[in-house]
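Novice: Would you mind keeping the following structure in view while I ask a few things?
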Amino acid sequence: MVAIQKGVSDPGRVIILTAHIDSRVTDVMNATADAPGADDNGSGVALLIETARVLSHYKFPATIVYGVLSGEKQGLYGGKVLAQYAHDQGWRVEADLNNDIVGGDRGQNGVIDNTRIRLFSESTRETELAREAKQRRYEGGELDGPSRNTARYIKALAEYWIPKWRVDLIYRVDRFGRGSDHEAFNALGDPAVCFRESAEDYRHQHQDVRTENGVAYGDTIDHVDFEHLARVTATNAIAAAAMAWAPPPPDGLKVAGGVTPDTKLSWQPPADAQASGLAGCRVYWRDTTEAAWSHSRWVGNAAEAMLPGVVIDDWAFGVASVSKDGFESPVEYPGPQGAFWPAPEAAEEKK
């Protein structure tokens with residue numbers, strides 16, 4: 001099931017929210033047993049429906065797509081269908097925000113933590129070419145693919161707007177040996193991240209509903225914390241709305257300054273047709289070992305910026321587009337390793 005909230009001025013740029021509707025028991029091919037699927041993944045589907053209800057009252061420059069997918073447990077079938085459809089239609093996918101098991105707050109060790117959500121993201125683009133990987137090896141960017149910078153963006157927004165809330169960035173595509181529908185978008189080169197609850201209780205996932213030795217098994221609704229789920233929902237709504245209201249990230253970002261004491265950044269601002277409300281750009285930089293962007297400078301409606309006294313060797317750099325209303329895009333890292341949309345020649349080569 002897919003709902004499309006079409007953008008008013010840049011409809012070809014798309015922010016996608018996904019969750020899967022299928023639920024299964026111990027045998028994922030068992031289609032007849034009672035499989036309540038309250039947390040995996042009724043919680044994600046409820047989140048999507050509520051986010052659509054709230055955001056439907058607003059108009060955005062970009063398009064927001066809400067996808068309730070099937071066949072996730074059998075092979076990410078729904079995710080693959082939607083990701084391929086997006087490419088066939090020529091959508092410029094800025095990010096997929098996937099939600100899979102987001103309603104619980106009690107781990108199997110008994111610890112309850114309703115103050116955080118985990119957010120998984122790939123490091124570098126799965127479709128990276130060999131020459132792009134070689135460039136990244138020398139220039140850096142292992143922690144700055146567009147999926148990773150989307151995750152940073154979501155964390156900063158959510159923790160600013162939601163009290164006593166933490167978005168923990170997990171530097172992995174997903175949990176060990178497991179996956180979800182966002183990987184179908186990553187496989188085609190699109191930025192995509194996945195929300196997961198703070199701690200999982202595996203007795204309430206992929207289990208036949210039963211009681212053994214006084215222990216209840218099964219994915220039933222009594223194991224969902226709706227207050228926690230509401231915060232995860234707010235995180236998605238805030239992030240999707242901010243991205244859809246903001247201009248797209250700049251294109252063709254380059255950095256230069258070797259053997260000089262200064263750093264120069266240059267880029268292509270978004271076209272007027274895609275960002276009629278563009279106010280300008282903000283340059284970011286951080287120590288190469290820092291997790292979050294720590295320094296920034298407003299440079300206005302420009303296509304380049306000089307950072308005197310900032311040595312290129314010591315920092316990671318990025319640029320974000322900002323609207324006249326103050327909405328800011330995710331930060332884009334220089335080079336193909338950080339680009340939200342590959343250059344046309346690179347995209348053709350990947351095919």
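Novice: Could you list, in sequence order, all residues of segment 270-286 that are part of a loop (DSSP other than H, G, I, E, B), touching a residue at least 12 places away in the same chain (Cβ under 8 Å) and surrounded by fewer than 19 Cβ atoms within 10 Å (Cβ to Cβ)?
Specialist: Scanning segment 270-286 gives Ala273, Ser276, Gly277.
Novice: Is it the case that some residue within segment 77-97 is assigned to a loop (DSSP other than H, G, I, E, B), modelled with pLDDT of 95 or more, of a type in the set (Ser, Thr, Tyr) and in the same structural domain as Asp222 (by TED's automatic domain parsing)?
Specialist: no
Novice: Still on this structure, I have one more. Which helices (runs of 4 or more DSSP H) does segment 115-228 wholly contain that include 1 or more residues that are of a type in the set (Lys, Arg) and within 29 Å of Tyr85 (Cβ to Cβ)?
Specialist: Qualifying helices (runs of 4 or more DSSP H): 146-161.
Novice: Separate question: Using the structure shown, decide if Thr211 is in the same structural domain as Gly42 (by TED's automatic domain parsing), touching a residue at least 40 places away in the same chain (Cβ under 8 Å), among the hydroxyl-bearing types (Ser, Thr, Tyr) and closer than 17 Å to Val25 by Cβ.
Specialist: No, not satisfied.
Novice: Hey, another quick one. Among the numbered criteria (1) in contact with a helix residue (DSSP H, G or I) (Cβ under 8 Å, 6 or more places away or on another chain); (2) within 24 Å of Gln337 (Cα to Cα); (3) among the polar types (S, T, N, Q), which one does Gln135 miss?
Specialist: Single failed check for Gln135: (1).
Novice: I've got another one for you. Collect the residues in segment 292-301 that are surrounded by 13 or more Cβ atoms within 10 Å (Cβ to Cβ) and touching a helix residue (DSSP H, G or I) at 6+ places or on another chain (Cβ under 9 Å), keeping them in residue-number order.
Specialist: Across segment 292-301, the qualifying residue is only Trp293.
Novice: Any residue in segment 68-83 that is under 21 Å from Ala237 (Cα atoms) and β-branched (Val, Ile, Thr)?
Specialist: Within segment 68-83, one or more residues are under 21 Å from Ala237 (Cα atoms) and β-branched (Val, Ile, Thr).
Novice: Here's another thing I want to ask about it. What pairs come out if I take residues in segment 303-314 that are in contact (Cβ under 8 Å) with a residue 60 or more places away in the chain and pair them with residues that are not in a loop (DSSP other than H, G, I, E, B) whose C-beta lies under 7 Å away, six or more apart or interchain?
Specialist: none
Novice: From the list Asp100, Asp168, pick out the single residue that is among the charged types (D, E, K, R), surrounded by 20 or more Cβ atoms within 10 Å (Cβ to Cβ), at pLDDT 95 or above and assigned by TED's automatic domain parsing to the domain that holds Thr51.
Specialist: Testing whether each residue is among the charged types (D, E, K, R), surrounded by 20 or more Cβ atoms within 10 Å (Cβ to Cβ), at pLDDT 95 or above and assigned by TED's automatic domain parsing to the domain that holds Thr51 leaves just Asp100.
Novice: Has segment 226-248 got any residue that is under 17 Å from the mean Cα position of the chain (by Cα), charged (D, E, K, R) and assigned by TED's automatic domain parsing to the domain that holds Gly67?
Specialist: Yes; the residues of segment 226-248 include at least one that is under 17 Å from the mean Cα position of the chain (by Cα), charged (D, E, K, R) and assigned by TED's automatic domain parsing to the domain that holds Gly67.
The values are calculated or read from the model by the stated rules, or taken from the named source; none is laboratory data. Owing to the predicted nature of the structure, the values given are computational and were not obtained by experimental measurement. Backbone-built Cβ (ideal geometry, glycine too); neighbour counts: all protein chains shown.
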